[in-house]
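Step one of this worksheet: look at the structure below.
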Amino acid sequence: MNLTVLGAAGATGTQLVEQALSAGHHVTALVRSPGKLTITNPNLHVVQGDATDRAVVSHAMKGADAVISTLGATGPAIAGATRAIVAVAKQDGPQRIVMMSSFAVARDRLTPANKLLTRMAMGGQIKDKTTGEEALRASGLDWTIVYATKLTNGPKTESKVIPEITKVGISHKISRAAAASFLLQAATDGLYGRRAVIITG
């Protein structure tokens, strides 16, 4: 498949690009600083630019079968980037959009203590991500939002979807490698269409 990855130079994005290339996919990586992405592969095409710039996003998404966003807190505004992705996808495709988010955004799924802690520490980020996710949900596209629990740098292990009846706390963790693997499978296999899921290790 032809995959476009936003946030490809980040810790999870790099894992995702490596796994996608190893699986034989063609990857277009949209990054602000190409020097941070040290992967070299004939099936990797790097586009430099800001993910909130619709023209740049359109260039990066050209010919893609699916788009995966791993944009995090240190990147461009998630809401602006999501609006750019949605606008391009609705006009030129692709329909399949997979977005990684934080479990802190799934407010109704948190334990009371975790809800308080995340609001204090991540209030602005939560609002930004929520706004972007609302735009994706309303788009009519084939989207999946993946809420990852606390990310670690451990090895790739089997990931699992947390049941909707289960509250999520800081004890839940998943490695970036495992999260990347789930994102890749969701994008290529079409899993969890128009659903939001929380994953943990």
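The figures follow:
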quantity: Selection within the range 52-80 - among the hydrophobic types (A, V, I, L, M, F, W, C) and modelled with pLDDT of 95 or more; calculated: Ala55, Val56, Val57, Ala60, Met61, Ala64, Ala66, Val67, Ile68
quantity: Residue in the range 17-25 that is on the phi < 0 side of the Ramachandran plot, of a type in the set (A, V, I, L, M) and assigned to a strand (DSSP E or B) present; calculated: no
quantity: Lone unmet requirement of (1) charged (D, E, K, R); (2) closer than 19 Å to Ala148 by Cα; (3) not in a helix (DSSP H, G or I) for Asp50; calculated: (2)
quantity: Selection count where residues are more than 15 Å from Val27 (Cβ to Cβ) and under 16 Å from the mean Cα position of the chain (by Cα), scope the range 46-71; calculated: 5
quantity: Sole exception among (1) in a helix (DSSP H, G or I); (2) under 23 Å from Thr144 (Cα atoms); (3) not hydrophobic (A, V, I, L, M, F, W, C) for Gly63, by number; calculated: (1)
quantity: Residues that are modelled with pLDDT under 95 and outside any loop (DSSP other than H, G, I, E, B), drawn from the range 93-106; calculated: Ser101, Ser102, Phe103, Ala104, Val105
quantity: Among (1) outside any loop (DSSP other than H, G, I, E, B); (2) touching a strand residue (DSSP E or B) at 6+ places or on another chain (Cβ under 8 Å), the one test that Ala113 misses; calculated: (2)
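Conditions tested, residue by residue: (1) of a type in the set (Val, Ile, Thr); (2) over 16 Å from Leu16 (Cβ atoms); (3) out of contact with any Cys (no Cβ under 7 Å at 6 or more places or on another chain); (4) without any contact (Cβ under 8 Å) to a residue 12 or more places away in the chain.
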position: Ala104; (1), (2), (3), (4): no, yes, yes, no
position: Leu110; (1), (2), (3), (4): no, yes, yes, no
position: Ser139; (1), (2), (3), (4): no, yes, yes, no
position: Thr144; (1), (2), (3), (4): yes, no, yes, no
position: Asn153; (1), (2), (3), (4): no, no, yes, no
position: Lys156; (1), (2), (3), (4): no, no, yes, no
position: Pro163; (1), (2), (3), (4): no, yes, yes, yes
position: Lys173; (1), (2), (3), (4): no, yes, yes, no
position: Phe182; (1), (2), (3), (4): no, no, yes, no
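The values are calculated or read from the model by the stated rules, or taken from the named source; none is laboratory data. Model, not experiment: these values are computed from the prediction. As a convention, Cβ positions derive from the backbone with ideal geometry for all residues, glycine included, and neighbour counts pool all protein chains shown.
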